[in-house]
């Protein structure tokens with residue numbers, strides 16, 4: 001393990017004014033996104049769409065890293081440059097999603113466990129050769145009646161730590177992603193309680209597995225009301241609860257926190273990020289690792305039409321710029337109209 005190299009890459013991933021594009025949708029997920037614009041999910045369409053994002057003029061000013069999928073890391077731009085090589089040339093760190101998805105946790109109805117540890121060491125060796133310098137593993141914690149169980153939180157925290165150890169062994173920075181879902185009808189208080197328990201367990205296991213904290217990035221959820229909740233907490237309350245929770249559990253040695261958007265609208269995700277960064281001095285860089293919240297409007301602008309390729313790129317660069325501003329607390333909703 002090259003500790004100084006891991007720390008250097010982690011710092012680059014959370015560079016000031018920049019964040020991470022999550023372009024690691026599985027083939028099934030991207031098919032759903034393409035269905036919304038009535039586009040067939042062929043390999044060429046998936047490649048062309050990723051090229052639209054990666055080559056958008058100006059995007060590199062606000063994007064520090066890109067999470068790729070197994071298919072995507074092997075694809076090339078139209079002129080034949082492998083995507084990881086192209087991104088590296090732009091000063092963007094290429095990364096790779098390595099988990100195999102959340103599956104039901106046997107004996108615990110409603111809970112899930114993320115699979116993919118078997119054979120991971122060998123896969124990481126290959127991905128490093130293909131150009132990946134960081135990886136991502138997502139653990140999913142749902143909130144419902146009797147869910148999550150304490151055991152599910154522990155099991156997922158343990159798997160995240162094992163994954164992180166394998167990454168660092170292979171000089172790959174782990175993005176540690178424990179996502180407490182916002183799908184339910186729970187209050188912001190319940191979300192904070194579960195996020196507290198989750199982050200507490202995650203850092204306990206990371207320490208036990210001897211993870212070099214300076215060489216990792218945390219990708220947590222924001223503390224937010226469930227989508228189906230009867231009352232939704234204000235953006236200010238979301239920022240306050242999120243900062244409170246992170247300060248309790250995330251050691252200052254961690255260089256950065258890159259939030260997931262978790263089903264928030266693009267505008268909500270950007271506003272929340274900006275308010276969190278205005279909450280006084282924080283011991284870590286706080287930025288974004290967004291998928292849909294960065295891509296949704298670009299996908300609609302493009303619509304699968306070659307004539308609208310540039311329009312899609314402009315929309316992606318716009319959202320990246322707004323989130324870059326939010327990562328330093330300089331975003332305000334008025335900018336949506338002006339941008």
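Please treat every number below as a calculation from the coordinates, not as lab data. Since this is a predicted model, take the numbers as computed values, not measurements. Every residue, glycine among them, receives a Cβ derived from its backbone with ideal geometry; neighbour counts consider all protein chains shown.
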Legend entry - Cα-projected label distance for residue 189 with residue 38, points at 7 Å along beta-carbon direction, nm: 4.8 nm
Inset, instruction - Per DSSP H run of at least 4 residues, take -39500 (n - 2.57); add these up for the chain, divide by its residues and hand me the 222 nm value, nearest 500 deg cm²/dmol. - result: -14500 deg cm²/dmol
Legend entry - Exposure proxy ranking, count of Cβ atoms within 10 Å, fewest first, for 257, 20: 257, 20
Inset, instruction - Neighbouring Cβ atoms within 10 Å as the yardstick, rank 232, 158 fewest first. - result: 232, 158
Inset, instruction - Among 279, 293, 317, determine the one that fluctuates most according to a GNM of the chain built with springs between C-alpha atoms less than 10 Å apart. - result: 279
Inset, instruction - Just subtract the alpha-carbon distance of residue 77 and residue 8 from 0.36 nm times their residue separation and send over the number in nm, one decimal. - result: 22.1 nm
Inset, instruction - Could you check the simple spin-label distance between residue 306 and residue 334, using points 7 Å along Cα→Cβ, in nm with one decimal? - result: 4.3 nm
Legend entry - Bridge type composition, the chain - antiparallel percent by DSSP, nearest 5: 15 percent
Legend entry - Inter-probe distance in nm under a simple model that places probes 7 Å from Cα toward Cβ, at residue 208 and residue 230: 4.0 nm
Inset, instruction - Express the C-alpha Rg of the range 141-277 as a ratio against the empirical globular expectation 2.2 N^0.38 Å, rounded to two decimals. - result: 1.03
Inset, instruction - Once you have the Cα-Cα distance between residue 88 and residue 129, take 0.36 nm times their residue separation minus that, and quote the gain in nm to one decimal. - result: 13.4 nm
Legend entry - Cα extents of the range 3-338 along the three principal axes, largest first (Å): 50, 47, 39
